[in-house]
2 protein chains.
Amino acid sequence: MSFDEVTRLAQQKGFFFKSADSYPNSPAGFLDYGPLGVALRNNFVELWRRMVVKGDSMLEIDGSQILPKAVFEASGHLSNFTDPFVRCGKCGSVFRPDKLVEEKTGKGVAEKLTDGEYDSLMQESGVKCLKCGSKLSGTSRFNMMFRVGIGPLQDEAYLRPETCQSIFVDFPLLFKTQRVKLPVGIAQVGRSFRNEIAPRQGLLRMRELNQAEVEVFFNPKNTEDPKFERFANDTIPLRDPSGRESVVSVKEAIAQGDIPNRLVGHYLALLVRLYEAAGLRREMLRFRVLADEDRAFYSKSAYDLEAHLSVGWVELVACNYRGDYDLGRHSQASGTEFTVDDNGEKVLPHVFELSMGVDRTIYAILESSMKTDGDRRSLAFLPYLSPFKAGVFPLVNKDGLEEKARGIYEELRGALDVFYDDSGSIGRRYARADEIGVPFCITVDHDTLNDGTATIRSRDSRSQERVEVSSLADRLAQLSRYPNLPR
Amino acid sequence: MSFDEVTRLAQQKGFFFKSADSYPNSPAGFLDYGPLGVALRNNFVELWRRMVVKGDSMLEIDGSQILPKAVFEASGHLSNFTDPFVRCGKCGSVFRPDKLVEEKTGKGVAEKLTDGEYDSLMQESGVKCLKCGSKLSGTSRFNMMFRVGIGPLQDEAYLRPETCQSIFVDFPLLFKTQRVKLPVGIAQVGRSFRNEIAPRQGLLRMRELNQAEVEVFFNPKNTEDPKFERFANDTIPLRDPSGRESVVSVKEAIAQGDIPNRLVGHYLALLVRLYEAAGLRREMLRFRVLADEDRAFYSKSAYDLEAHLSVGWVELVACNYRGDYDLGRHSQASGTEFTVDDNGEKVLPHVFELSMGVDRTIYAILESSMKTDGDRRSLAFLPYLSPFKAGVFPLVNKDGLEEKARGIYEELRGALDVFYDDSGSIGRRYARADEIGVPFCITVDHDTLNDGTATIRSRDSRSQERVEVSSLADRLAQLSRYPNLPR
């Protein structure tokens, strides 16, 4: 499926759509989730919460989205979280120099160039304003954080560009009040804000985005804890900086030096399990191992979990061994003690981060679930992710079947997400249900009145099973149960 | 319990705490939810989603928090969403004139005065700067929306001061794509932002807050729909503008003219059911019927659901019959058609709004759940709201009880929110569990090894029940099930 087909389906069915779309010229990079999108995203977040947060006995917090300037001075965002841009001298249009050069030459431009390097590349390739053809300015820098002013004096503050800073800043208080020991993961799901210069690509690049982040705090001397042995035989797909691809067990990857320790291996394997449980085939996934020059200076090793989609490889989770950079900076800037006790040793913990893009993940689930068969579209969501678990249909709207079906719907809806539909032919109703990914349909027919059974039709196999009406709720709950916690 | 006691417990146990508290002088009005707070809030939101959103077959969306200027021009926020303030000529401190006068005179100041009226009141009462005692400026106005600039050109946009504007703006698209008919409710839960001049009072007045809002769209000719008959005999507590308090059935309130129609009565009764299901006693609740002069000019009737807490009566849900003001304004400003078809009639729907403060609700649940017995504190959360459903304890840490208890914990945690604790005496562990509102504790003793049973101890009755280990999960699930949907 192409990006445009997925986006069209999403808009038609109300998974997501452009924000403030009733208004002309509403800004790019902002999307609203409709009812099906809210449910799909909530169900995925619940899967993440079960498999990653609870499965690993992490803490979950929900911090403020607006944070004071001092936090982003310490984190480095105030000076470094910038994008390069150029401006047309005549019409005032604004562009990213790397995107202009890439479009003109058809070749990729390396990340993190200096302003002078961008200027040289633009000169070599002879780019002009895309709108009016005039001469462009030299490269300037634009900080991608949204600034806000607090109170009448407009005290300088910013919308967070990532959820994790509250996790770092709150770490001492959480460690003290939550009766935990190292290693401990702290998780957060919520909005982040990045003032992109020219966002395109719908859910893949947003100015207001949803992230689910995990920061694992550990004693750097204790990365070989036996609890990280659980997934040692899981295989993970790696692409090293030279472009070599391999699928090796966590154990082998550590032995080869591709992964530094058990702790890191454990979390990479857990992510593969999570995405497989979200319905992404293993062959669509890989960890891109970042080369030294592509990592931040404080990062000791970094892995991008990527999915192969219609638009190419898309980063879904950035995994980063950040050392003690974050806690050290916040400790220094705030004057607060960030060291903690680990079995009698005073430690400034190191951090391994799993930073997930939730919107991109939802896009990946949508694209990889979408199937067409002639002009019939369907979404093959796993039942626990599906917004609706079942539709309830009377076979025909007479002989009391409608009342019977409505009664069954009323019974079921207290326990499960179900909907009622009696409009159009039964085939048309199955087709509509398939289009929004409903895994099961309950059909109430004349036999239901006689023997108290109804059929459960499966979206994927198209097979039908006859079930006692009284056990429908249990059967559907069983069919749409979340997978067990990883052991 | 006093406000300070509740806030202290919340901080000690990590329900919520001041944001960026590691930093000196971090701004007021921002709080982070810790692990127990996240779970309690999620469980309450799930109760709201079941009883209100799903129970009433509403749609739920999740819109962008940043919206363009045009939306707030149309909504009226850009010109009207202001607070009065005065400034010290010497030290620059900023105050609200009404709060200064209230503190000085001990008497309440009416809402919505003009700048001149505030100035007269200040002069009469002789208020000075609270910090340095100097003379204050006259009253100015401050728009309480946080402004942000989008892209390098900083296009004017705002953080939403309420979630509902996306519901209004998206209404035509949702009505078209979601196959719904009038009346239909559209709901949203999420952050809103209000740049308060001097917020105090923790969760009760925040600059970044959580709301759960519902907009019910209906044909004004059809407010007597029989589906709104369901709760006609429910009683609701009313306080009319003259101060008269009464508890009457919805039916009587309509007959007396205190409630204009069945539709409004239905939703007021549903809110009372919701808050009772959240553990607030009916005697703590009342609807304050707003007088004509306290309502916005477009509002046809308005009711504040208030709870009686240690700080006085606190507004939890603002209910407002907004007519067609919102859809009309957005239609006009955007040039988009907002009328829809209702059984062949072209209608610009009217709106009844239920705007809930989630943080205030969480505060109300915490305060009303907190009990002390000597120096023992406990939180009497209803089981479905409690962050943890059970703790699992070995009676002693020997004879294999630890391993047995850990095994039971591992089995249970896939299905339910449970924790393991083997530290300190069993009495101390019960006390710790009571303090964070855990409704049940499972104790594993020597009999567990012999006969495969364990005890479930109830927080509220302190009674103990012996249950087969194999049926613990089912028993706990049953004990902590959400209430049935309202019929």
Practice problem: Compute the projected area of the convex hull of the Cα atoms of chain B, averaged over all viewing directions, and report it in nm² to one decimal place. | Solution: 28.2
Quiz prompt | For region A:464-480, Karplus couplings with θ = phi - 60° (6.51, -1.76, 1.60), whole Hz, Gly/Pro x | solution = 10, 10, 9, 10, 4, 4, 5, 10, 4, 4, 5, 5, 5, 4, 5, 5, 10
Quiz item: From the label point of B:Ser310, set 7 Å along Cα to the beta carbon, how far off in nm is each other copy's matching point, shortest first?
Solution: 5.7
Self-check item: Simple spin-label estimate for A:Lys221 and B:Arg141 in nanometres, 7 Å along Cα-Cβ
Solution: 6.4
Quiz item: Residues with amide H under 5 Å of B:Asp342's amide H, sequence separation 5 or more or different chain, H placed in the peptide plane at 1.01 Å from N; which?
Solution: B:Val347
Self-check item: Of B:Lys54/B:Lys300; A:Lys13/B:Lys54; B:Lys13/B:Lys54; A:Lys181/B:Lys398; A:Lys107/A:Lys131, those spanning more than 24 Å from alpha-carbon to alpha-carbon
Solution: B:Lys54/B:Lys300; B:Lys13/B:Lys54
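Please return the longest range in chain A lying between exposed loop sites, taking GluC sites (Glu not before Pro), DSSP loop only, at most 13 other beta-carbon atoms within 10 Å, and leaving the sites out. Intermediate results must be reported in sequence, preceding the final value.
Numbers: sites that count: A:Glu111, A:Glu224, A:Glu337.
It runs A:338-487.
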Quiz item: Using 1/(1 + (r/R0)^6) with R0 = 30 angstrom and r between the beta carbons of A:Ser423 and A:Glu5, what's the FRET efficiency to the nearest 0.05?
Solution: 0.70
Practice problem: Report the full-extension gain for the segment B:Ala333 to B:Glu46: residue separation times 0.36 nm, less the Cα-Cα distance, to one decimal in nm. | Solution: 99.8 nm
Self-check item: Cβ-placed point charges (K, R +1; D, E -1), dipole of chain B about Cα centre in debye, nearest 20
Solution: 680
Quiz prompt | Separation of alpha-carbon centers, region B:274-346 and region A:233-311, rounded to whole Å | solution = 51
Exercise. Estimate the FRET efficiency between B:Ser458 and A:Glu468 by the formula 1/(1 + (r/R0)^6), using the beta-carbon distance for r and 25 Å for R0, to the nearest 0.05.
Key: 0.10
Self-check item: Gain upon complete extension [B:Ser120, B:Val248; 0.36 nm per residue less C-alpha separation]
Solution: 41.9 nm
Practice problem: Apply the Karplus parameterisation 6.51 cos²θ - 1.76 cosθ + 1.60, with θ equal to phi minus 60°, to every residue of region A:433-449 and state each ³J(HN,Hα) to the nearest whole Hz, in sequence, with x for glycine and proline. | Solution: 5, 4, 4, 10, x, 5, x, 9, 10, 9, 10, 9, 10, 5, 4, 4, 5
Quiz item: Between chains A and B, what is the buried accessible area summed over both chains (1.4 Å probe, protein heavy atoms, nearest 100 Å²)?
Solution: 6500
Quiz item: Over region A:387-487, what is the mean sequence separation of C-alpha contacts under 8 Å (at least six apart), divided by residue count, expressed as relative contact order in percent?
Solution: 28
Self-check item: Shape of region B:212-301, Cα gyration tensor, a/c cut at 1.5
Solution: rounded
Exercise. Multiply the residue separation of A:Trp313 and A:Lys131 by 0.36 nm, subtract the distance between their alpha-carbon atoms, and state the gained length in nm to one decimal.
Key: 62.6 nm
Quiz item: What are the nm distances, shortest first, from A:Glu73 to its equivalents in the other copies, labels at 7 Å along Cα→Cβ?
Solution: 3.8
Exercise. Output the relative contact order of chain B, whole-number percent, from Cα pairs under 8 angstrom with separation of 6+ residues.
Key: 13
Self-check item: Accessible surface, the protein assembly as shown, averaged per residue in Å² (probe 1.4 Å)
Solution: 40
Quiz item: Can you work out ³J(HN,Hα) from phi for every residue in region B:359-369, in order, using Karplus 6.51 cos²θ - 1.76 cosθ + 1.60 and θ = phi - 60°, giving whole Hz and x for Gly and Pro?
Solution: 5, 4, 5, 4, 4, 4, 5, 4, 4, 7, 8
Exercise. Return a whole-number percent for the relative contact order of region B:268-333, with Cα pairs under 8 Å and 6 or more residues apart as the contact set.
Key: 24
Quiz item: To the nearest 500 deg cm²/dmol, what mean residue ellipticity at 222 nm is calculated for chain B from DSSP H runs of n ≥ 4 alone, each contributing -39,500 (n - 2.57), summed and divided by the residues?
Solution: -9000 deg cm²/dmol
Exercise. Determine the shape class of region B:374-479: with a ≥ b ≥ c the square roots of the Cα gyration tensor eigenvalues, call it rounded for a/c under 1.5, and otherwise prolate if a/b is greater than b/c, oblate otherwise.
Key: oblate
Exercise. Between chains B and A there is a rotation axis; tell me the chain B residue with the nearest beta carbon and how many whole Å away it sits.
Key: B:Val148, 3
Practice problem: Between copies, how far apart are the A:Pro241 label points? List them in nm, one decimal, shortest first, with each point 7 Å from Cα toward Cβ, please? | Solution: 7.3
Practice problem: Answer rounded, prolate or oblate for the protein assembly as shown, using the Cα gyration tensor with square roots of eigenvalues a ≥ b ≥ c: rounded when a/c is under 1.5, else prolate when a/b is larger than b/c, else oblate. | Solution: rounded
Quiz prompt | Local electrostatic count at A:Val127 - Lys and Arg +1, Asp and Glu -1, tallied over other residues with Cβ under 12 Å | solution = 0
Quiz item: Rounded to the nearest 0.05, what FRET efficiency is calculated for A:Arg200 and B:Asn25 with R0 set to 45 Å and r the Cβ-Cβ distance?
Solution: 0.65
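The values are calculated or read from the model by the stated rules, or taken from the named source; none is laboratory data. All values reported here derive from a predicted model rather than from experimental measurement. No Cβ is skipped: glycine too gets one built from the backbone with ideal geometry, and neighbour counts run over all protein chains shown. When the accessible area is computed, the model is the full protein with side chains, heavy atoms only, and any ligands, DNA or RNA have been set aside. Shrake-Rupley method; radii C 1.70, N 1.55, O 1.52, S 1.80 Å.
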